[in-house]
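Take a look at this one; I'll ask things after.
The values are calculated or read from the model by the stated rules, or taken from the named source; none is laboratory data. Note that this is a predicted model, so its numbers are computed, not measured. FYI the Cβ positions are ideal-geometry reconstructions off the backbone, even for glycines, and counts take in every protein chain you see.
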Protein chains: 2
Amino acid sequence: MNVLWIFAHPEPRSFSGALRDDGLRTLREQGANVRESDLYAMKWNPLVDADDFGSAAGSDRLIVGATSKKAFTSGELSDDILAEQEKLAWADAVILQFPLWWAGMPAILKGWFDRVFVKGFAYGIQRPDGRTLRYGEGMLAGKRAMVVLTAGAPERTLGPRGVNGEINDLLFPLQHGTLWYAGMSVLPPLTVCGADRVSPEEYGIAAEALRERLRTLSTSDPIPFRRQNFGDYDEHLVLRDGLASGLSGIGVHTA
Amino acid sequence: MNVLWIFAHPEPRSFSGALRDDGLRTLREQGANVRESDLYAMKWNPLVDADDFGSAAGSDRLIVGATSKKAFTSGELSDDILAEQEKLAWADAVILQFPLWWAGMPAILKGWFDRVFVKGFAYGIQRPDGRTLRYGEGMLAGKRAMVVLTAGAPERTLGPRGVNGEINDLLFPLQHGTLWYAGMSVLPPLTVCGADRVSPEEYGIAAEALRERLRTLSTSDPIPFRRQNFGDYDEHLVLRDGLASGLSGIGVHTA
């Protein structure tokens, strides 16, 4: 199994860094092939701009989607983007590890998606019938993804009625709107709470939970998000009346 | 009224840029004092790292929350962060304008929050009784915030049962988990869909909708998110049983 580990924390000597090292070791012991994108160590540039697209950008006003597709097709994307796309094409599974900052990803990781997931590669691919490959289909379909998250907040505050909102709801833009959108199967996240004040015992528990999740990386069930093009959504891409009747919100998009 | 307009789009000649210009003009015609943070034009650095915190960072491992509080207290935050905090302190209302990329903010804007909303300034302030000022209270309480959003997706796909998820659910990490967390009153967002292919007529409709929202910026009702410290949440910060009984998910945090 080929696993790409994306790490988005500024401090390698952190609790997160120790978990990452533990996770990589576990994968190697399992016989997995492992590659890493340590975004801070790589000094990853998170900002989409015309420089991403070579001569495809021209000097006209920049329309990000269309220009990214043109540059992807003509091979003019910048080298750092191409390198990440090559890793993604290689990977069977992707681990996304980050600290929860302001209820979401650190900017460096958001900008990894903004720049790497260009049109033609991760979205905007049409089927012959005109429907777009999206939400369960696409060039990344068949690959698995899992979020490994550290949070300062106590666990109950990220539960179903906790003040911060349930963690899967906070991750919906990433897990559904990005990973599943691009076709990837998303495993339930591993969330480690109270990360700035863990004891050695708590570290041991978190590391063992991570090892267990990595041992079952290729076998555990993904979140059953609904697929776009298999009958659940109508021609306007709205969920059909007979499904989750009378309900709305994030929960209706899970079967 | 003092209004800070934060703009996070790489192309000033875009539809978004035209809307921004229109919005700023409208505010000035109303007699508002306007300042702007055009993040791409400013070449805003979105990456939290030790350089943000001066000598407060030391050479030990970086613990972002604690170190940011130390640097905030001792006045050692970097100048670009201090400049944005000064603008926020000045503002009565903040407009956050961005294109929806991967169901969220562009990295440059996420990194504005990651770096500017440091501990001691936007979170981590304790009351004498030990409760933390958060969700409706804090140093930014009394200020208003409004998201102005452009999206490529058609409107129905961002509706209550649309395949992309309802727009307020996608914005929950920003509107609730960031702005309301820090105490700000959040007005409903203005969402303009199909932004890459607007006709002059459609531009006119969008610009008029924006002008109307700016005319009522100081008077319209904010989203009625629940406050943390006024009885709705128990001592573990979980919503009390008697409220939104039997329900969970993002909706329970709105009264």
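Here are some residues: B:Asp196, B:Asp234, B:Asp241. Which one is in the same structural domain as B:Ala93 (by TED's automatic domain parsing), surrounded by fewer than 21 Cβ atoms within 10 Å (Cβ to Cβ) and of a type in the set (D, E, K, R)?
Working: B:Asp234 fails: in the same structural domain as B:Ala93 (by TED's automatic domain parsing); B:Asp241 fails: in the same structural domain as B:Ala93 (by TED's automatic domain parsing).
Exactly one of B:Asp196, B:Asp234, B:Asp241 is in the same structural domain as B:Ala93 (by TED's automatic domain parsing), surrounded by fewer than 21 Cβ atoms within 10 Å (Cβ to Cβ) and of a type in the set (D, E, K, R), namely B:Asp196.
Residue under question is B:Ser74, and the condition is that it be away from chain A (no Cβ under 13 Å), surrounded by fewer than 17 Cβ atoms within 10 Å (Cβ to Cβ), touching an Asp or Glu at 6+ places or on another chain (Cβ under 6 Å) and not aliphatic (A, V, I, L, M); does it hold?
No: the conditions fail for B:Ser74.
Of all the helices (runs of 4 or more DSSP H) wholly in the stretch A:74-173, which have at least 2 residues that are at pLDDT 95 or above and either over 15 Å from the mean Cα position of the chain (by Cα) or among the small types (Gly, Ala, Ser) (or both)? Don't jump to the end; show me each part of the working.
On the way: elements: A:79-90, A:107-116, A:167-170.
So the answer is A:79-90, A:107-116.
Moving on. Looking at the stretch A:150-190 only, could you name the residues that are within 13 Å of another protein chain (Cβ to nearest Cβ), buried (at least 20 other Cβ atoms within 10 Å of the Cβ), among the aliphatic types (A, V, I, L, M) and within 30 Å of B:Lys119 (Cα to Cα)?
Listed by number, the residues that qualify are A:Ala151, A:Leu158, A:Val163, A:Ile167, A:Leu170, A:Leu171, A:Leu174.
Considering only the stretch A:16-72, state which residues are of a type in the set (Lys, Arg), under 21 Å from the mean Cα position of the chain (by Cα) and under 30 Å from A:Leu190 (Cβ atoms).
A:Arg20, A:Arg35, A:Lys43
Listed residues A:Met1, A:Met42; which is over 25 Å from B:Gly194 (Cα atoms), surrounded by fewer than 21 Cβ atoms within 10 Å (Cβ to Cβ), within 14 Å of chain B (Cβ to nearest Cβ) and modelled with pLDDT of 95 or more?
So the residue among A:Met1, A:Met42 that is over 25 Å from B:Gly194 (Cα atoms), surrounded by fewer than 21 Cβ atoms within 10 Å (Cβ to Cβ), within 14 Å of chain B (Cβ to nearest Cβ) and modelled with pLDDT of 95 or more is A:Met42.
Can you find a residue in the stretch B:131-144 that is more than 13 Å from every other protein chain (Cβ to nearest Cβ), more than 24 Å from B:His236 (Cα to Cα) and touching a residue at least 60 places away in the same chain (Cβ under 8 Å)?
yes
Say we look at the stretch A:17-39 and pick out the residues that are exposed (fewer than 15 other Cβ atoms within 10 Å of the Cβ) and part of a helix (DSSP H, G or I); which of these is farthest from the other protein chains (Cβ to nearest Cβ)?
The extreme case among them is A:Glu29.
On to the next question. Those residues that are basic (Lys, Arg) and in a loop (DSSP other than H, G, I, E, B), I need them from the stretch B:206-255; list them, please.
B:Arg226, B:Arg227, B:Arg240
How many residues, within the stretch A:196-249, are of a type in the set (A, V, I, L, M) and either in contact with a His (Cβ under 8 Å, 6 or more places away or on another chain) or under 30 Å from A:Ala18 (Cβ atoms) (or both)?
The qualifying residues number 10.
Can I ask one more? For the stretch B:113-130, enumerate the residues that are more than 8 Å from chain A (Cβ to nearest Cβ), out of contact with any helix residue (DSSP H, G or I) (no Cβ under 6 Å at 6 or more places or on another chain) and among the aromatic types (Phe, Trp, Tyr).
Within the stretch B:113-130, B:Tyr123 is the sole residue that qualifies.
Conditions tested, residue by residue: (1) closer than 15 Å to B:Leu4 by Cα; (2) surrounded by 20 or more Cβ atoms within 10 Å (Cβ to Cβ).
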residue	(1), (2)
B:Asp52	no, yes
B:Leu62	no, yes
B:Ser78	no, no
B:Gln97	yes, yes
B:Trp101	no, yes
B:Pro106	no, yes
B:Arg127	no, no
B:Gly138	no, yes
B:Val147	yes, yes
